[in-house]
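Contents: one structure, followed by commentary.
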Amino acid sequence: MNTILRKSILGIAGLTVAGGLAAGPLNHTDSTPTARDAAVTTQAAGKLDTAALIPHGVQGNQSRIELNDEQTANVKAIIAATKKAGMDERAAVVSIATALQESKLENLGHLGDRNDHDSQGLFQQRPSSGWGTVEQITDPEYSTTAFLKGLKQVDGWQDMPLTKAAQTVQVSAYPDHYAQWEQQAADLVAEHWNK
């Protein structure tokens, strides 16, 4: 009986020590939530954390415009095409920021004398540069898919500042202008991704 009692006490003591070590300072982690933790929490609640959508922080002054119903529908079309392409929320942020810069999220046709060469659509893609036909590049799903296809070909785009990733695809005369739309693009993705 003494041996059984002794083994029981040692077993309980061992569990107490092991439990103390598992919960104690050796495995202590900072309980301050990270942006990733917040993203997981808000994703579980049906919302995305905008800080997680902007992993490098915004660059420079940010611009913002009020969206009408057509522009909001184009945001939703970009998000749907991004999901269909199997890409993540960050790809949607890059896409929406690019379209904000290129067209203010308006599906622009030929603008006559105000046109930049033959650029059209949300992303101001050019048929003469191989982006597709006018009918294709003025279709929000097609133009977004074409942009994302270009983005996928940029090695390490996920680790680049938004403006560099967008510029690598778009080859704009104003490469730094994409950055000003990052916050609004992230806000729009956070608002519409899970709808």
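Please treat every number below as a calculation from the coordinates, not as lab data. Here the structure is a predicted model, which is why all the values come from computation and not from measurement. Glycine also receives a Cβ, built like all others from the backbone with ideal geometry; neighbour counts cover every protein chain displayed.
Tell me, please, whether a residue that is farther than 15 Å from VAL189 by Cα and without any contact (Cβ under 8 Å) to a residue 12 or more places away in the chain can be found in the range 100-110.
Within the range 100-110, none of the residues are farther than 15 Å from VAL189 by Cα and without any contact (Cβ under 8 Å) to a residue 12 or more places away in the chain.
Filtering the range 71-106 down to residues that are within 13 Å of ALA165 (Cβ to Cβ) and hydrophobic (A, V, I, L, M, F, W, C), which residue is surrounded by the fewest Cβ atoms within 10 Å (Cβ to Cβ)?
MET87
State whether one or more residues within the range 127-150 are of a type in the set (Gly, Ala, Ser), on the phi < 0 side of the Ramachandran plot and touching a Pro at 6+ places or on another chain (Cβ under 6 Å).
Scanning the range 127-150 turns up no residue that is of a type in the set (Gly, Ala, Ser), on the phi < 0 side of the Ramachandran plot and touching a Pro at 6+ places or on another chain (Cβ under 6 Å).
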